[in-house]
Amino acid sequence: MSTPANLPLSIVIPVYNEELNLPTLFARLYPVLDALGRRYEIIFTNDGSADRSIELLRAQYAARPDVTRVIDFNANYGQHMAIMAAFERVRGDIIVTLDADLQNPPEEIPKLLEKMDAGHDYVGGYRLNRQDSFFRTKASKIINFVREKTTSIEMTDQGCMLRAYSRAVIDAIVRSGAINTFIPALAYSFAGNPAEVGVKHEERHAGVSNYSFYSLIRLNFDLITGFSIAPLQYFTMFAMACCAGSGLFVFVLAIRRVFFDYTAAEGLFTLFGVLFFLMSVALFGIGLIGEYVGRTYQVVRARQRYHVKEMLETK
Ligand code: UDP
Ligand code: MG
C-alpha cells in the first residue's frame with residue numbers, strides 16, 4: 001500500500017482549521033528544511049477544514065510544487081487518520097510528524113534528524129516547558145501513568161507529535177492497518193532502537209485547540225484499549241474480589257439475622273449501598289467490554305477509513 005522511498009525526508013502535517021497559523025508555519029518551516037541540504041517533501045493533510053485552510057494550502061502548493069503535497073479529505077476524520085493517510089503516501093526514508101499550530105517549533109526538526117542519523121529508528125520528542133492549560137498537563141500526567149501500568153510502552157511524553165520515524169517503522173504502521181490509533185505508541189511498538197529528545201514547546205500560535213474534553217477522553221481510551229487487554233483482566237480480577245467480598249458480607253448478615261438479632265432492619269441501607277456499588281461496577285464492565293467489541297467491529301467491518309477528495313502533487 002505504501003509508496004517506495006526515493007527521498008531522504010518527508011514531513012507530515014495534519015491541518016484542521018488552521019488558517020491563522022498556516023502562513024507563519026510556511027514562513028518558518030520551509031527555510032528550516034531548505035537549510036538542511038537534503039531533498040525533502042512536505043505532506044499536508046487537510047482534515048475537512050471548514051475555514052480557508054485548503055485555499056492557503058493550494059496557494060502554497062502553487063508556490064512550492066517541487067516539495068509540497070496536499071491530501072484533501074472530504075470530511076473531518078481526526079488528526080491520527082490525517083497522519084495515517086500521509087504515511088500511506090510518503091516517499092521519505094525518514095518521516096517527521098509535526099502539528100500545524102506551531103506548538104512544535106519547526107526549528108527543532110534538525111535535533112530529531114541528528115538522532116535519527118545516529119542510528120535510531122524512532123525519535124520521540126518530549127516537551128520541555130509544556131505550554132498547555134493546567135488541566136491538560138495534569139490530565140496527561142495521569143494518562144501517562146495509566147499507560148505505563150497497562151502497556152509496555154515507555155514514553156516520556158505521549159502527547160508530543162514532534163517525532164521522527166524510520167521508513168521501516170512507517171511501513172509497519174501502514175501494514176498493521178490499525179484503526180483510530182495512537183500513532184506514537186503504535187510506532188513505539190514497532191521500533192527497534194527508539195530514543196527521545198527534549199523539544200521546545202510553544203503556545204498555540206493562533207486559534208484554539210481542536211480537542212474537546214470528550215475527544216481527549218476518547219483518544220486516551222483508544223490509547224489504553226488499543227494496546228492492551230489489561231483493563232479487561234484487571235476488571236475481571238476486581239469483579240472476582242467484589243464477588244468474594246459481597247459473598248462474605250451476605251454470609252455474615254445471614255448468620256447475624258438467624259442467630260443473633262431476629263428483628264434487625266437497619267441492614268437494609270447497607271444492602272442498598274452494596275447493591276448500587278455492584279451495579280455501577282457491572283455497568284462500567286459492560287462499557288469496557290463495549291470498547292473492545294467496538295474496536296473489533298471496526299476492524300471486521302474493514303470499511304475504508306477516510307476518503308480523499310483530491311490530491312495536489314507533482315509526480
Ligand atoms: N487536527 C486535525 N484534525 C482534527 C483535530 C486536529 O488534523 O480533527 C490537527 C490540527 O490542525 C493540529 C494538530 O492536529 O495540526 C493538533 O491539534 P490541536 O493543536 O488542536 O491539538 P492540541 O495541541 O491541543 O493537542
Ligand atoms: Mg496544538
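Annotation: amide H-H contacts under 5 Å for Asp121 (H modelled 1.01 Å from N, sequence separation of 5 or more, or interchain): Gly192, Asn193.
Along the axis of the charge dipole computed for the range 99-140 (Cβ charges of +1 for Lys and Arg, -1 for Asp and Glu, origin at the Cα centre), the listed residues Gly125, Phe135, Pro105 are led at the positive end by Phe135.
Projected onto its three principal axes, the C-alpha set of the range 79-158 covers 37, 29, 28 Å, listed from the longest axis down. Among the DSSP beta bridges whose two residues both lie in the chain, what percent are antiparallel, rounded to the nearest 5? In the chain, approximately 30 percent of DSSP beta bridges are antiparallel ones. Here the chain is treated with +1 on each Lys and Arg Cβ and -1 on each Asp and Glu Cβ, and its dipole about the Cα centre works out to around 540 debye.
In the chain, taking the dipole from charged Cβ atoms about the Cα centre, the farthest positive-side position among Ile224, Phe73, Ala282 is held by Ala282.
Where Rh is the Kirkwood radius over the Cα pairs of the range 174-254, the temperature 25 °C and the viscosity 0.890 mPa s, what D in µm²/s does Stokes-Einstein return? This corresponds to a translational diffusion coefficient of 143 µm²/s. The ellipsoid equivalent to the alpha-carbon distribution of the chain has semi-axes of 48, 19, 19 angstrom, derived from the gyration tensor eigenvalues as √(5λ) and listed largest first. Evaluated at q = 0.14, 0.27, 0.31 Å⁻¹, a Debye calculation over the C-alpha positions of the range 24-73 (equal weights, vacuum) places log10 I(q)/I(0) at -0.35, -1.12, -1.30. With the Cα gyration tensor of the range 140-193 giving a ≥ b ≥ c as the square roots of its eigenvalues, does the rule (a/c under 1.5 for rounded; else a/b larger than b/c for prolate; else oblate) give rounded, prolate or oblate? Here the range 140-193 falls in the prolate category. Towards the positive end of the charge dipole of the range 167-315, with charges on Cβ (+1 Lys, Arg; -1 Asp, Glu), say which of Ile255, Gln233, Met311 has the farthest Cα. About the Cα centre, the residue reaching furthest to the positive side is Met311. Mean residue ellipticity at 222 nm, helices only, the chain: -16000 deg cm²/dmol; runs of at least 4 DSSP H residues each add -39,500 (n - 2.57), and the sum is divided by the number of residues.
Each reported figure results from applying straightforward, stated rules to the coordinates on display, with no laboratory input. Only a predicted model underlies this, so the values are computations on that prediction, with no experimental measurement involved. All Cβ positions, glycine included, derive from the backbone under ideal geometry; neighbour counts span all protein chains shown.
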